[in-house]
1. Any residue in the range 223-234 that's over 16 Å from residue 284 (Cβ atoms): show its pairings with residues that are small (Gly, Ala, Ser) at Cβ separation under 9 Å, as long as the two are six or more apart or on different chains.
2. Scanning for something out of contact with any helix residue (DSSP H, G or I) (no Cβ under 6 Å at 6 or more places or on another chain), under 28 Å from residue 288 (Cβ atoms) and at pLDDT 85 or above, does the range 145-162 turn up at least one residue?
3. Being of a type in the set (Asp, Glu) and assigned to a loop (DSSP other than H, G, I, E, B) is the filter here; which residues of the range 251-303 pass it?
4. Confirm whether residue 177 is of a type outside the set (Gly, Ala, Ser), closer than 24 Å to residue 288 by Cα and touching a residue at least 60 places away in the same chain (Cβ under 8 Å).
5. So which residues in the range 257-277 are under 32 Å from the mean Cα position of the chain (by Cα) and either among the aliphatic types (A, V, I, L, M) or outside the structural domain of residue 290 (by TED's automatic domain parsing) (or both), if there are any at all?
6. Any residue at all in the range 121-140 that is over 28 Å from residue 226 (Cα atoms) and either aromatic (Phe, Trp, Tyr) or surrounded by fewer than 12 Cβ atoms within 10 Å (Cβ to Cβ) (or both)?
7. Would you call residue 214 hydrophobic (A, V, I, L, M, F, W, C), in the same structural domain as residue 199 (by TED's automatic domain parsing) and part of a helix (DSSP H, G or I)?
8. Here are the criteria: (1) touching a residue at least 12 places away in the same chain (Cβ under 8 Å); (2) part of a helix (DSSP H, G or I); (3) closer than 30 Å to residue 235 by Cβ. Tell me which single one residue 163 does not satisfy.
Amino acid sequence: MIVIKTLQKYKPEATSKALSILFTVSEQAVMAYCYFTWELRTSGEYYDIVSQKEKQNLCQLKRDGIYDYNQKCFSEGKSELMCRDRFLAIWKFLHIVDEDDTTIDKQDKLYKVRFLLNHLIAKFQENYKPDQDLSLDEGMIPSKNRLSIKQYIRNKPVKWGLKSFMLCESKTGYVCNIEVYAGKSSGLFVPSLGSTGSVVARLTSIVQDQNYRLFMDRFYNSPSLSRYLLEKKIFSCGTVLTHRKGYPKALLKRKKDMMRGDFDFLCSNGLFAVVCCDRSPLYFISTFHDPREVTTVNRKNKDGTHIMPHNSHRNQAL
């Protein structure tokens, strides 16, 4: 604009020529990056963008480069829906939340995607009824972006990303409910369960009173949580830490006190605490297994010789 005003002041005859050159160059540059058409013209382009992004995830692209897009994502007839540059432009400017909306809680670290996340979870629950067996565990959404909620977990295959707690169908891995960790939650909190047990309570609130069976590891499981879920008509099973409140100390065993195949259990009002020994004692609790049922499996030593079956147990009532 400064150049144009200068031309208008000192050389008016050159103004029209300068404008034509400037607009021609600008138009070519804009067409090269497709910024002049980044708005969604039709509602169908929403589906085109989502399908294109899903195909990109299936292609397992390492970068958003021209070669990968041309060779993988924009082949097989997809280019007729949307060109590569248009997709990149729309994806860059895509925004879900209205920043001017005063009803939005901007203290929520996920407020920019909260609407979409809640919508997807509702659709997941509406369009599919899971099998009886469910699994609850944490997962990582890969990300190295500059986010305050980004986590680093050393022992995970994906070490950097967004930590999320997921309730899934054990058979297929279908996600029934999910909670992205963003610090202290404002949702349901059960004081007797603590913060970790309250995560389980929030995720399983959608399957209460339906006799589902939940499997989880010792990071979540505890006797108080098992009793809480049993009151909600949700059966549970999983390993447990022996220092959890309410776990019977009578079951604590040393490795030299048990042989491979030995097991012991205690019962209390539908809750079974079990210890069994393979290479070392393993502790778990369940609310739907019968600890008196014994199954024998064939095992081998390192030298290839078979291990003779050995089972001994005792049972008590708390």
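1. Once the first residue is over 16 Å from residue 284 (Cβ atoms) and sits in the range 223-234, its partners that are small (Gly, Ala, Ser) give 228/192; 228/197; 228/201; 232/201; 232/205.
2. Of the residues in the range 145-162, the ones out of contact with any helix residue (DSSP H, G or I) (no Cβ under 6 Å at 6 or more places or on another chain) are 145-162.
With under 28 Å from residue 288 (Cβ atoms) added as a condition, the list becomes none.
No - not one qualifying residue is present in the range 145-162.
3. As a first pass, look at the range 251-303 and keep what is of a type in the set (Asp, Glu): 257, 262, 264, 278, 290, 293, 303.
Those that are of a type in the set (Asp, Glu) and assigned to a loop (DSSP other than H, G, I, E, B): 262, 278, 290, 293, 303.
4. Values: of a type outside the set (Gly, Ala, Ser): yes; closer than 24 Å to residue 288 by Cα: yes; touching a residue at least 60 places away in the same chain (Cβ under 8 Å): no.
So residue 177 does not fit the description; no.
5. First, the residues of the range 257-277 that are under 32 Å from the mean Cα position of the chain (by Cα): 270-276.
Matches in the range 257-277: 271, 273, 274, 275.
6. Taking the range 121-140 first, the residues over 28 Å from residue 226 (Cα atoms) are 123, 127.
Restricting the remaining residues to those that are either aromatic (Phe, Trp, Tyr) or surrounded by fewer than 12 Cβ atoms within 10 Å (Cβ to Cβ) (or both) gives 123, 127.
Yes; the residues of the range 121-140 include at least one that is over 28 Å from residue 226 (Cα atoms) and either aromatic (Phe, Trp, Tyr) or surrounded by fewer than 12 Cβ atoms within 10 Å (Cβ to Cβ) (or both).
7. Values: hydrophobic (A, V, I, L, M, F, W, C): yes; in the same structural domain as residue 199 (by TED's automatic domain parsing): yes; part of a helix (DSSP H, G or I): no.
So residue 214 fails the test.
8. (2)
The values are calculated or read from the model by the stated rules, or taken from the named source; none is laboratory data. Worth saying up front: this structure is predicted, and the values here are computed from it rather than measured. Every residue, glycine as well, gets a Cβ built from its backbone with ideal geometry; the counts of neighbours run over all protein chains shown.
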